[in-house]
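Here the structure comes first, spelled out in structure tokens, and everything after it is commentary.
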Amino acid sequence: MPSRLAAWAELADVTLSEAAELPATLPGADVLLLWDFLSTALREHWASATALRWVHVAAAGVDAALFPELRRSDVVVTNSAGVFDRPVAEFVLAAVLAHDKKMHVSGALQRERRWVHREVAPTAGGRALVVGTGGIGRATARLLRAVDVEVRGAGRIGRRDDPDFGLVVSTDELVDHVGWADHVVLVAPLTPATHHLVGADVLSAMKPGAHLVNVGRGALVDEPALVDGLRTGTPAFATLDVFEEEPLPRDSPLWALPNVAVSAHMCGDVVGWRDRLAELFEDNLGRYVHGATLRNVVDLELGYPGTDRGRPEGASTPE
């Protein structure tokens with residue numbers, strides 16, 4: 001259950017609802033907080049949204065919450081961008097260091113009680129291509145640069161002299177640029193344009209020994225193609241926090257591959273993350289009540305913030 005419910009109740013009439021209860025609780029409501037960011041309940045009960053003007057998603061990614069009827073409506077959608085920037089960046093840095101210092105190999109050898117001396121790779125001087133140039137991607141770039149990793153970005157529009165990435169290449173040309181990187185880090189939002197962005201062509205273009213890190217969405221990667229690539233050594237290793245099906249099925253080959261590190265969609269979930277999500281929504285709720293522009297308004301065509309449309313029609317205006 002979200003924290004800060006008492007504070008929200010001072011701003012609005014608040015009703016807690018399970019997904020199955022939406023047909024009874026949604027009619028007449030003008031604000032909906034999707035605390036379960038993977039829920040499809042609004043899509044399933046859209047006909048009950050008779051007065052809806054604003055939907056807030058308690059996550060940075062809103063792919064599960066968007067559907068054609070919502071995209072065509074006048075409903076404003078906001079997300080929780082900013083809450084996860086630094087935590088995800090720290091997770092990526094940890095993944096890069098663990099790979100370079102062979103920590104996963106050390107863990108396996110420890111379980112076997114084997115003493116095997118090895119040399120490890122330097123992290124300074126390595127190269128990382130960060131796919132996704134929003135807040136999480138930028139926090140990741142800054143943190144990797146702090147340990148002297150050379151960073152480039154990949155985004156919807158290529159450009160030079162970016163303050164965080166230097167060079168940003170177009171994701172349309174990803175296959176031409178992944179071979180530059182020792183670490184390919186996926187933090188992009190999942191949209192129709194990025195679905196299976198990393199397929200067999202991109203995987204086969206990665207350099208020998210390359211490391212793939214996916215902390216964005218599972219469907220950014222063609223998972224069967226990734227399994228095939230990992231079995232043949234391209235990429236050489238993958239750190240995966242997100243998957244096309246979650247929880248990852250027990251029969252997935254990714255569990256058993258020795259060159260894969262699996263975690264349970266937790267890269268941004270540092271202690272206190274739910275409180276920060278609640279505080280962001282509370283700030284936006286105050287803005288909504290007083291007719292101010294909302295934070296983190298999602299462009300419904302792009303699937304992530306990219307427009308200044310932030311005042312739902314019918315919202316209160318300041319006294």
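What the table shows:
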| item | result |
| --- | --- |
| Filter pass, Leu190 being assigned by TED's automatic domain parsing to the domain that holds Ala128, surrounded by 16 or more Cβ atoms within 10 Å (Cβ to Cβ) and not in a loop (DSSP other than H, G, I, E, B) | no |
| Among (1) surrounded by fewer than 16 Cβ atoms within 10 Å (Cβ to Cβ); (2) within 20 Å of Val169 (Cβ to Cβ), the one test that Val202 misses | (1) |
| Every residue from the stretch 240-259 that is touching a helix residue (DSSP H, G or I) at 6+ places or on another chain (Cβ under 9 Å) and within 24 Å of Val62 (Cβ to Cβ) | Leu240, Asp241, Val242, Phe243, Glu244, Glu245, Glu246, Leu248 |
| From Glu90, Glu10, residue being more than 16 Å from Tyr288 (Cβ to Cβ) and either at pLDDT 95 or above or among the acidic types (Asp, Glu) (or both) | Glu90 |
| Tally of residues being in contact (Cβ under 8 Å) with a residue 24 or more places away in the chain and part of a strand (DSSP E or B) across the stretch 156-165 | 1 |
| Residue in the stretch 197-207 that is under 23 Å from Phe91 (Cβ atoms) and β-branched (Val, Ile, Thr) present | yes |
| Complete set of residues in the stretch 109-134 that are exposed (fewer than 13 other Cβ atoms within 10 Å of the Cβ) and among the small types (Gly, Ala, Ser) | Ala124, Gly125 |
| Test: Val270 is in contact (Cβ under 8 Å) with a residue 12 or more places away in the chain and part of a strand (DSSP E or B) | no |
| Options Val116, Val168, Val175: the member that is assigned to a strand (DSSP E or B) and aliphatic (A, V, I, L, M) | Val168 |
| Some residue of the stretch 200-213 being farther than 29 Å from Gly135 by Cα, out of contact with any strand residue (DSSP E or B) (no Cβ under 7 Å at 6 or more places or on another chain) and not in a strand (DSSP E or B) | yes |
| Hits in the stretch 214-253 - residues which are within 25 Å of Pro87 (Cβ to Cβ), part of a helix (DSSP H, G or I) and among the small types (Gly, Ala, Ser) | Gly218, Ala219 |
| Residues satisfying the stated conditions in the stretch 95-153, i.e. more than 30 Å from Ala59 (Cα to Cα) and either touching a residue at least 60 places away in the same chain (Cβ under 8 Å) or small (Gly, Ala, Ser) (or both) | Ser106, Gly107, Ala108, Ala121, Ala124, Gly125, Gly126 |
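Residue by residue, here is whether (1) in contact with a helix residue (DSSP H, G or I) (Cβ under 7 Å, 6 or more places away or on another chain); (2) at pLDDT below 95; (3) within 27 Å of Pro235 (Cβ to Cβ); (4) among the aromatic types (Phe, Trp, Tyr) holds:
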{"position": "Thr25", "(1), (2), (3), (4)": "no, no, no, no"}
{"position": "Arg43", "(1), (2), (3), (4)": "no, no, no, no"}
{"position": "Ala60", "(1), (2), (3), (4)": "yes, no, yes, no"}
{"position": "Asp63", "(1), (2), (3), (4)": "no, no, yes, no"}
{"position": "Pro68", "(1), (2), (3), (4)": "no, no, no, no"}
{"position": "Val76", "(1), (2), (3), (4)": "no, no, no, no"}
{"position": "Ser80", "(1), (2), (3), (4)": "yes, no, no, no"}
{"position": "Ala98", "(1), (2), (3), (4)": "yes, no, yes, no"}
{"position": "Met103", "(1), (2), (3), (4)": "no, no, yes, no"}
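The values are calculated or read from the model by the stated rules, or taken from the named source; none is laboratory data. What you see is a predicted model; the values in this text were computed from it and never measured. Note that we place each Cβ from the backbone using ideal geometry, even for glycine, and neighbour counts take in every protein chain shown.
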